[in-house]
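K.L.:
Here it is, the structure, as structure tokens.
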Amino acid sequence: MKQNSSIEPPRLSIVMPVFNHAALVVEMMASIRANTWTDWELIAVDDGSDVADFQLVAEFTAGDERIRYVRRDREPKGAQTCRNIGFAMSRGEYVAFFDSDDWVTPVCLEQRIRVIGQHPELDFMVFPAGVYRDGGILVEPGCSMFGYPIYGDDIAAFCNRTLPFVVWNNLYRRSSLLANGIRWDERLLSLQDAAFNLAVLTKGLKYAYATDVAADYAYRLSTGGSVSKQIGGAAHFCSNVLATEIAYSLVQQRFAHHYDLALYRGALYVYVKVAREGYEADFVAAMARVIARYSPLYGRWFRLQMWLTRRLMSLLPYRVARQLPLAFDLLRRWLVEELWIPRRQKKWMKSL
């Protein structure tokens, strides 16, 4: 296969933010290097790693002209900024956004280039993934299984804050992202991936699932310090409110009020994640304003649920007081995540 050069752009650009966990970063980069497809560039943007971690990764990448390992050169700090920097530097016909602590199969890149090449009408394709386990991929039905066509309406799923696919499932035509002005929202401290995917879907980009290939990407459930684990932290309150507003704005601009119920359920999911640590009146008030601005009916319902929560807090333990007004929503969420999603995944896998 054709080798990349400094003159001719590569066929594939891989953009990857990096922050500490040098051993895992090296393992991920090694899995990319081991791929059968060699016409790629890897743009790894460091978000301020410790000196020892940065040096270890720099030593590993030295001598491979396909890898550009650079430091983030502007604010704000965060993976979303690093991805935008890397995307601006990319030159490939296709672009993939990978995480630095995961792992890909030796045929991942070749498989993705081959399949999307058969569909010139598409702006991106979604590829199946699994969980990293013992040096390979474990594909097991559950909420950690992404990239499979089980939802029917992916926009509704994203509004609900369930994820049909994560950005690393996808291979994009770089020209499609450029033409539609799609970038990572650098204001978000969490939920950036869902915001990016909603932007892609609401812009009307054409896509399809790769249903006849094996899972080619394995992600690690947790490596410590995960942004997703910090969704309830005080520093993330404003970001969570903003992420909720972005979801409403993107979806309603294209679909008016068609997805208001799904958006409300997604807003409740964000609230529940934050409220686990305690009732934050400012956060609740901000969420209420956003919901009411875009959907007055659900705004009133949310305020009623919060009013009941405050009343119950004087009588019951906080956890019970928080859960009772949301009992129906919490039960529905549990049924979807623990029963409906795994059953649909099993059914789909049996049909292969």
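The values are calculated or read from the model by the stated rules, or taken from the named source; none is laboratory data. Worth saying up front: this structure is predicted, and the values here are computed from it rather than measured. Note that we place each Cβ from the backbone using ideal geometry, even for glycine, and neighbour counts take in every protein chain shown.
K.L.:
Looking at region 92-119, I want the residues that are at negative phi and have a partner that is crowded, with 23+ Cβ neighbours inside 10 Å and among the polar types (S, T, N, Q) with Cβ atoms under 6 Å, at least 6 apart or on another chain. Which pairs are those?
P.N.:
So the pair list comes out as Gly92/Ser13; Val95/Ser13.
K.L.:
Would you check which residues across region 82-91 are among the aliphatic types (A, V, I, L, M) and in contact (Cβ under 8 Å) with a residue 12 or more places away in the chain and list them?
P.N.:
First pass over region 82-91, keeping only residues among the aliphatic types (A, V, I, L, M): 85, 88-89.
Residues satisfying the conditions are Ile85, Met89.
K.L.:
If you don't mind, there's one more thing I want to ask. Which ones in region 328-352 are touching a residue at least 12 places away in the same chain (Cβ under 8 Å), within 10 Å of Gly142 (Cα to Cα) and not charged (D, E, K, R)?
P.N.:
Correct list: Ile341, Pro342, Gln345.
K.L.:
Kindly provide the set of residues from region 285-302 that are among the aliphatic types (A, V, I, L, M), free of Cβ contacts under 8 Å to residues at least 40 places away in the same chain and out of contact with any Lys or Arg (no Cβ under 9 Å at 6 or more places or on another chain), ordered by number.
P.N.:
Keep residues of region 285-302 that are among the aliphatic types (A, V, I, L, M), which gives 285-288, 290-292, 297.
From what's left, free of Cβ contacts under 8 Å to residues at least 40 places away in the same chain: 285, 288, 292, 297.
Listed by number, the residues that qualify are Ala285, Leu297.
K.L.:
If you take just the helices (runs of 4 or more DSSP H) that sit entirely in region 75-191, which of them hold at least 3 residues that are in contact with a strand residue (DSSP E or B) (Cβ under 8 Å, 6 or more places away or on another chain) and not basic (Lys, Arg)?
P.N.:
Values: elements: 79-89, 108-117, 154-159, 174-179.
Fully inside region 75-191 and qualifying: 79-89, 108-117.
K.L.:
Only one of (1) among the basic types (Lys, Arg); (2) at pLDDT below 95; (3) over 30 Å from Val213 (Cα atoms) is not met by Arg322, so which one is it?
P.N.:
Result: Arg322 passes all but (2).
K.L.:
If you don't mind, another one. Against the condition at pLDDT 95 or above, crowded, with 21+ Cβ neighbours inside 10 Å and not aliphatic (A, V, I, L, M), how does Arg72 come out, does it pass?
P.N.:
On the way: at pLDDT 95 or above: yes; crowded, with 21+ Cβ neighbours inside 10 Å: yes; not aliphatic (A, V, I, L, M): yes.
Answer is yes for this residue.
K.L.:
Also, quick follow-up: Do the conditions hold for Ala30, that is, is it part of a strand (DSSP E or B), in the same structural domain as Phe127 (by TED's automatic domain parsing) and of a type in the set (Gly, Ala, Ser)? Before the answer, list the steps.
P.N.:
Values: part of a strand (DSSP E or B): no; in the same structural domain as Phe127 (by TED's automatic domain parsing): yes; of a type in the set (Gly, Ala, Ser): yes.
For Ala30, the condition - part of a strand (DSSP E or B), in the same structural domain as Phe127 (by TED's automatic domain parsing) and of a type in the set (Gly, Ala, Ser) - is not met.
K.L.:
While we're looking at this one, here's another question. Which condition breaks for Gly63 when tested against (1) loosely packed, with under 15 Cβ neighbours inside 10 Å; (2) within 25 Å of the chain's Cα centre (by Cα)?
P.N.:
Of (1) loosely packed, with under 15 Cβ neighbours inside 10 Å; (2) within 25 Å of the chain's Cα centre (by Cα), only one is false for Gly63: (2).
K.L.:
Let me ask something else about it. Mind telling me which of the residues Ala235, Ala247, Ala256 ends up being loosely packed, with under 14 Cβ neighbours inside 10 Å and either in the same structural domain as Ile137 (by TED's automatic domain parsing) or modelled with pLDDT of 90 or more (or both)? Spell out the reasoning first.
P.N.:
Values: Ala235 fails: either in the same structural domain as Ile137 (by TED's automatic domain parsing) or modelled with pLDDT of 90 or more (or both); Ala247 fails: loosely packed, with under 14 Cβ neighbours inside 10 Å.
The conditions single out Ala256.
K.L.:
Ok, one more. Does Arg68 satisfy the criteria of being without any contact (Cβ under 8 Å) to a residue 40 or more places away in the chain and assigned to a loop (DSSP other than H, G, I, E, B)?
P.N.:
Numbers: without any contact (Cβ under 8 Å) to a residue 40 or more places away in the chain: yes; assigned to a loop (DSSP other than H, G, I, E, B): no.
Taking the combined requirement at face value, the residue does not satisfy it.
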